[in-house]
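Right, one structure below, let's go through it.
Only the coordinates and a few stated rules stand behind these numbers; no lab work does. Because the structure is a prediction, the values reported are computed rather than measured. For neighbour counting, all protein chains shown are included, and Cβ atoms are generated from backbone atoms with ideal geometry for every residue, glycine included.
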Ligand SMILES: *Cc1c(COP(=O)(O)O)cnc(C)c1O
């Protein structure tokens, strides 16, 4: 195959879709949205996705770690920003100096944040021990946070948890626990409280919280998975697909997209060429075999199913994975990323 950079697939990101999805999620959840733009905006570009979500009324942004948050600040994004996943020695000083709030899951992190003067969101485990403070430690942690806050070295801006989504029964128990947390922390006067990601914000719009954390749904993908592959579940919620991946045929039966660009094996996955739906025979390193495509034609791998294009979900089925892995994997690769919309 030829040079991958000369034949890079084009990943077009529609910022207007992300803007519209943000509004739609806030309407569904009856709460403002913290837009999750980790993993390079699930592959759609972190800064582009952040700007589009803010244009749609998102009041917060969320990423996994402090370095991702710093990159957003360096891109000129000044909105409230939370990073919640930390290694053994996170740079909370940099976070504090750039007004990046940090999610805190251990007492060691709490002390480090106070030392650095960072603003925090305390994470409480309300379920089966994923992470966050265990119920037996809640009172001690709250007392300590109160003490640090009185001294003026710490500000508890928020408290949060993570709804696991294993069953409605377990979710409702977690939501009740989170209400208990909100009562216990009242003297800390947190401004923000949040527990639901995409699944929870859709399933439990009545739950008590000030924010919801929207990730996969922000990009127009349904959080419960690929469904029947038509993308209809996301559309039924009023969500619009944000990404379109296209590649050119560099020879008859071959398009210039492959593992090097973030594709997974996807035999049988659909590709739209003009008005013909063709099927992938085999994905290779730089090229994918699509019988029936002619040299020079453009293939749409996924895009907007309401325009007849294959959905990300169809590719998730073809690759035996979850929908957001399809877009997220594109992020780290050699692609021609083009953004349109609210910037
Ligand atoms: C990734 C993540 C989210 C977003 O989850 P989705 O299911 O993609 O909406 C929310 N909260 C936390 C803590 C996360 O890590």
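Some values worked out for this structure:
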quantity: Residue order, fewest to most beta carbons within 10 Å, for 89, 101; calculated: 89, 101
quantity: Area projected by the alpha carbon convex hull of the chain, averaged over all directions, nm²; calculated: 17.0 nm²
quantity: Förster-model FRET efficiency, 25 Å R0, residue 187 and residue 115, C-beta, rounded to 0.05; calculated: 0.65
quantity: Rounded FRET efficiency, nearest 0.05, which uses the C-beta distance separating residue 298 from residue 164 and R0 of 51 Å; calculated: 0.75
quantity: Principal-axis tilt of helix 15-29 within the chain, Cα atoms, nearest 10 degrees; calculated: 50 degrees
quantity: Residues 63, 159, sorted so that the one with the fewest Cβ neighbours within 10 Å comes first; calculated: 63, 159
quantity: Segment 26-47 and segment 272-303: distance between their alpha carbon centers, rounded to Å; calculated: 31 Å
quantity: Footprinting exposure proxy for 140, 51, 23 (fewest neighbouring C-beta atoms within 10 Å first); calculated: 140, 23, 51
quantity: Helix 46-55 vs. the chain, principal-axis angle (Cα, 0 to 90°, nearest 10); calculated: 70 degrees
quantity: Using alpha-carbon coordinates, inclination of helix 168-184 to the longest axis of the chain, degrees; calculated: 40 degrees
quantity: Modelled FRET efficiency - R0 45 Å, residue 151 with residue 78, Cβ distances, 0.05 increments; calculated: 0.95
quantity: Percent RCO, i.e. relative contact order, over the chain, from Cα pairs under 8 Å lying at least 6 residues apart; calculated: 22 percent
quantity: Where labels lie 7 Å past Cα in the beta-carbon direction, separation of residue 93 and residue 206 in nm; calculated: 5.0 nm
quantity: Gain upon complete extension [residue 285, residue 267; 0.36 nm per residue less C-alpha separation]; calculated: 5.1 nm
